[in-house]
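A.B. asks: Can you keep this structure in mind? I'll have questions shortly.
The values are calculated or read from the model by the stated rules, or taken from the named source; none is laboratory data. None of the values given here were measured: they were computed from a predicted structure. Methodologically, a virtual Cβ is constructed for each residue, glycine included, from the backbone with ideal geometry; neighbour enumeration extends over all protein chains shown. With ligands, DNA and RNA removed, areas are computed over all heavy atoms of the protein, side chains included. Shrake-Rupley method; radii C 1.70, N 1.55, O 1.52, S 1.80 Å.
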Amino acid sequence: MSDLSACSDLVEHVSLLNEAQIIERIFKHIDNGTTDLGDTVWREPVAHYHTQERFDAEIALLRSLPVPFCPSAALPEKGSYIARQAAGTPLLVVRGLDGEVRAFINACRHRGMQVAEGSGCSRSFVCPYHAWSYNLEGELKGIPGADAFPDVDTKQHGLVEVSATEKGGIVYVKQKGQINADSMENCLDYFAPEQKMFQHTELTDQANWKLLTETLLEGYHIKSLHRNTFYPYGLDNVNLVETFGANSRVIFPFRRIEKLRDIEPSKRRLDGTATSVYHLFPNASVSVLSKHSSLTIMEPLSPSSTRLVSYFVVNRQTDDIEISVEQAQRDAEFVQSSGQDEDREAARAIQQTVTTAANTHLTFGYFEKAIVNFHQHLAKQLDR
Ligand code: FES
Ligand SMILES: [Fe+2]
């Protein structure tokens with residue numbers, strides 16, 4: 001079973017195409033020279049890519065939604081932690097001794113120093129400034145020279161917790177209010193517990209987070225932008241696009257999918273013949289490739305800069321053949337060293353034109369259905 005179909009199988013109420021349907025539909029498109037189409041042309045004002053006002057509204061929205069923070073596999077043990085900014089807030093996300101994941105604002109209750117940085121595994125967090133210490137549950141456990149703070153009630157000075165939950169192999173964090181089950185209904189099971197993380201990368205680009213997100217969600221640019229990288233292996237503008245709520249899945253077939261034509265439909269397996277990209281509204285995506293999958297979070301730093309935080313996991317074995325970390329790494333290197341840089345470059349180039357008089361809007365057509373879905377939902381949520 002491929003990972004792609006595994007994802008579909010685990011969906012309870014979200015109806016996505018299964019493996020056989022995917023393959024059949026791709027062949028139909030190839031034979032007819034067609035692709036999946038939307039039915040709406042969307043015009044997004046360029047101001048939404050560079051104004052502080054729009055940026056502030058988006059940050060407020062990001063803080064009010066359950067947003068992917070990392071894969072569960074990035075916090076494999078009791079005491080595993082990751083400290084990084086999410087929607088402008090320094091967060092510390094920790095797996096406790098009880099196995100539960102908790103998220104805290106990474107700010108010491110003495111004078112606000114960040115108590116942890118990067119990632120690792122620990123039994124406590126000792127603030128580097130004056131050594132106040134906290135346990136994995138965020139409780140304040142020690143104040144050096146405590147007599148000098150007669151009024152500090154340690155029970156009232158734990159790290160400030162924000163809502164966090166795990167679902168389908170992803171840790172979600174919501175900074176404002178509690179996560180409720182209804183808001184998680186479109187969160188699929190993306191990663192299985194046995195999928196190990198093998199890499200984590202962070203890149204910063206001078207581009208709005210939406211421009212970077214948009215590069216992932218259509219295959220209309222494969223031939224022109226990726227002529228010498230993806231195009232020799234992939235089909236241009238042959239995509240399956242499915243939306244589920246504000247989220248979507250875009251499937252990009254490789255040319256090698258043709259080899260499945262000779263196989264009886266019931267025995268066909270997608271393995272390595274297509275990439276699927278799930279957009280997890282608003283600023284995250286899961287890409288499922290042949291040997292590995294990745295979770296990327298576009299962290300907005302300013303209206304015109306973004307940190308791309310990516311976590312890479314090994315895919316599950318296919319037909320009893322285990323995938324090694326080395327194979328997964330090679331798979332990931334191919335993507336990173338080729339087309340991904342071209343997408344980032346395009347986003348940076350567009351950022352420089354959105355402040356000019358050239359366009360009042362960016363236009364998204366029928367081939368860009370997943371992006372239209374993204375903007376429709378973003379507009380609706382920001383309107384509330
Ligand atoms: S700021 Fe953390 S101990 Fe002083
Ligand atoms: Fe691309």
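A.B. asks: Regarding the stretch 272-281, can at least one residue be identified that is of a type in the set (S, T, N, Q), outside any helix (DSSP H, G or I) and open to solvent by 10 Å² or more (accessible area, probe 1.4 Å)?
C.D. replies: Checked against the condition, which is being of a type in the set (S, T, N, Q), outside any helix (DSSP H, G or I) and open to solvent by 10 Å² or more (accessible area, probe 1.4 Å), the stretch 272-281 yields at least one hit.
A.B. asks: While we're on this one: Mind counting the residues in the stretch 193-210 that are under 18 Å from ILE82 (Cα atoms) and not in a strand (DSSP E or B)? Spell out how you get there, then give the answer.
C.D. replies: Within the stretch 193-210, the first condition is being under 18 Å from ILE82 (Cα atoms), and the residues that meet it are 196-203.
Those still in the list that are not in a strand (DSSP E or B) too: 196.
Total satisfying the criteria: 1.
A.B. asks: Among the residues that make up the stretch 294-303, is at least one of them more than 30 Å from HIS48 (Cα to Cα), part of a strand (DSSP E or B), touching a strand residue (DSSP E or B) at 6+ places or on another chain (Cβ under 6 Å) and touching a residue at least 60 places away in the same chain (Cβ under 8 Å)?
C.D. replies: Going residue by residue through the stretch 294-303, those that are more than 30 Å from HIS48 (Cα to Cα) are none.
No; the residues of the stretch 294-303 include none that is more than 30 Å from HIS48 (Cα to Cα), part of a strand (DSSP E or B), touching a strand residue (DSSP E or B) at 6+ places or on another chain (Cβ under 6 Å) and touching a residue at least 60 places away in the same chain (Cβ under 8 Å).
A.B. asks: Collect the residues in the stretch 96-115 that are within 20 Å of the chain's Cα centre (by Cα) and free of Cβ contacts under 8 Å to residues at least 40 places away in the same chain, keeping them in residue-number order.
C.D. replies: none
A.B. asks: For the stretch 142-151, enumerate the residues that are exposed (fewer than 15 other Cβ atoms within 10 Å of the Cβ) and either more than 11 Å from ligand 1 (Cβ to nearest atom) or of a type in the set (Val, Ile, Thr) (or both).
C.D. replies: Going through the stretch 142-151, the residues exposed (fewer than 15 other Cβ atoms within 10 Å of the Cβ) turn out to be 142, 144-151.
Answer for the stretch 142-151, where residues must be exposed (fewer than 15 other Cβ atoms within 10 Å of the Cβ) and either more than 11 Å from ligand 1 (Cβ to nearest atom) or of a type in the set (Val, Ile, Thr) (or both): ALA146, ASP147, ALA148, PRO150, ASP151.
A.B. asks: Checking TYR311 against (1) open to solvent by less than 20 Å² (accessible area, probe 1.4 Å); (2) within 16 Å of ligand 2 (Cβ to nearest atom); (3) of a type outside the set (A, V, I, L, M), which single condition isn't satisfied?
C.D. replies: That leaves (2) as the condition not met.
A.B. asks: Is there a residue in the stretch 232-249 that is within 16 Å of ligand 2 (Cβ to nearest atom), modelled with pLDDT of 95 or more and of a type in the set (Phe, Trp, Tyr)?
C.D. replies: So far as the stretch 232-249 goes, no, none of its residues is within 16 Å of ligand 2 (Cβ to nearest atom), modelled with pLDDT of 95 or more and of a type in the set (Phe, Trp, Tyr).
A.B. asks: Okay, next question. Keeping to the stretch 235-268, report how many residues are in contact (Cβ under 8 Å) with a residue 40 or more places away in the chain and part of a strand (DSSP E or B).
C.D. replies: Number satisfying all stated conditions: 11.
A.B. asks: A further question follows. Can you tell me which residue within the stretch 97-132, out of those that are surrounded by 15 or more Cβ atoms within 10 Å (Cβ to Cβ) and away from ligand 1 (no atom under 16 Å from the Cβ), is nearest to ARG63 (Cα to Cα)? Steps first, answer last, please.
C.D. replies: If we filter the stretch 97-132 for residues that are surrounded by 15 or more Cβ atoms within 10 Å (Cβ to Cβ), which is where we start, we get 101-110, 114-116, 119, 125-127, 132.
Adding the requirement that they be away from ligand 1 (no atom under 16 Å from the Cβ) leaves 101-103, 119.
Numbers: VAL101: 18, ARG102: 16, ALA103: 13, SER119: 22 Å.
The qualifying residue nearest to ARG63 (Cα to Cα) is ALA103.
A.B. asks: To continue, here is another question. Filter the stretch 63-80 down to the residues that are open to solvent by 10 Å² or more (accessible area, probe 1.4 Å) and either among the charged types (D, E, K, R) or not in a strand (DSSP E or B) (or both) and list them by number.
C.D. replies: Here is the first cut: in the stretch 63-80, the ones open to solvent by 10 Å² or more (accessible area, probe 1.4 Å) are 63-67, 72-74, 76-78.
The answer is ARG63, SER64, LEU65, PRO66, SER72, ALA73, ALA74, PRO76, GLU77, LYS78.
A.B. asks: So for the stretch 137-148 (the condition being of a type in the set (Asp, Glu), more than 16 Å from ligand 2 (Cβ to nearest atom) and part of a strand (DSSP E or B)), does at least one residue qualify?
C.D. replies: no
A.B. asks: Could you grab the pairs with beta carbons closer than 6 Å, sequence gap of 6+ or different chains, first residue in the stretch 347-360 and part of a loop (DSSP other than H, G, I, E, B), second one of a type in the set (A, V, I, L, M)?
C.D. replies: Taking only residues 6 or more apart or on different chains, the pairs are VAL354/VAL46; ASN359/VAL46.
A.B. asks: Can you find, within the stretch 347-384, the residue that is surrounded by the fewest Cβ atoms within 10 Å (Cβ to Cβ) among those that are among the small types (Gly, Ala, Ser) and either under 15 Å from GLY38 (Cβ atoms) or in contact with a helix residue (DSSP H, G or I) (Cβ under 6 Å, 6 or more places away or on another chain) (or both)? Before the answer, list the steps.
C.D. replies: Keep residues of the stretch 347-384 that are among the small types (Gly, Ala, Ser), which gives 347, 349, 357-358, 365, 370, 379.
Narrowing the set further to residues that are either under 15 Å from GLY38 (Cβ atoms) or in contact with a helix residue (DSSP H, G or I) (Cβ under 6 Å, 6 or more places away or on another chain) (or both) leaves 347, 365, 370.
Details: ALA347: 24, GLY365: 15, ALA370: 26.
Checked the stretch 347-384; the qualifying residue surrounded by the fewest Cβ atoms within 10 Å (Cβ to Cβ) is GLY365.
A.B. asks: Across the stretch 187-229, which residue is farthest from the chain's Cα centre (by Cα) among those that are within 16 Å of ligand 2 (Cβ to nearest atom), hydroxyl-bearing (Ser, Thr, Tyr) and at pLDDT 95 or above?
C.D. replies: So, considering only residues that are within 16 Å of ligand 2 (Cβ to nearest atom), hydroxyl-bearing (Ser, Thr, Tyr) and at pLDDT 95 or above, the one farthest from the chain's Cα centre (by Cα) is SER224.
A.B. asks: Would you confirm, using the coordinates I've provided, whether ALA86 is open to solvent by less than 50 Å² (accessible area, probe 1.4 Å), at pLDDT 95 or above, in contact with a helix residue (DSSP H, G or I) (Cβ under 9 Å, 6 or more places away or on another chain) and under 30 Å from LYS380 (Cα atoms)? Spell out the reasoning first.
C.D. replies: Numbers: open to solvent by less than 50 Å² (accessible area, probe 1.4 Å): yes; at pLDDT 95 or above: yes; in contact with a helix residue (DSSP H, G or I) (Cβ under 9 Å, 6 or more places away or on another chain): yes; under 30 Å from LYS380 (Cα atoms): yes.
Spelling it out, ALA86 is indeed open to solvent by less than 50 Å² (accessible area, probe 1.4 Å), at pLDDT 95 or above, in contact with a helix residue (DSSP H, G or I) (Cβ under 9 Å, 6 or more places away or on another chain) and under 30 Å from LYS380 (Cα atoms).
A.B. asks: A further question follows. In this structure, does GLY112 turn out to be among the small types (Gly, Ala, Ser), more than 16 Å from ligand 2 (Cβ to nearest atom) and either over 30 Å from GLN199 (Cβ atoms) or part of a strand (DSSP E or B) (or both)? Quick ask: steps written out before the conclusion?
C.D. replies: Values: among the small types (Gly, Ala, Ser): yes; more than 16 Å from ligand 2 (Cβ to nearest atom): yes; either over 30 Å from GLN199 (Cβ atoms) or part of a strand (DSSP E or B) (or both): yes.
The answer is yes for GLY112.
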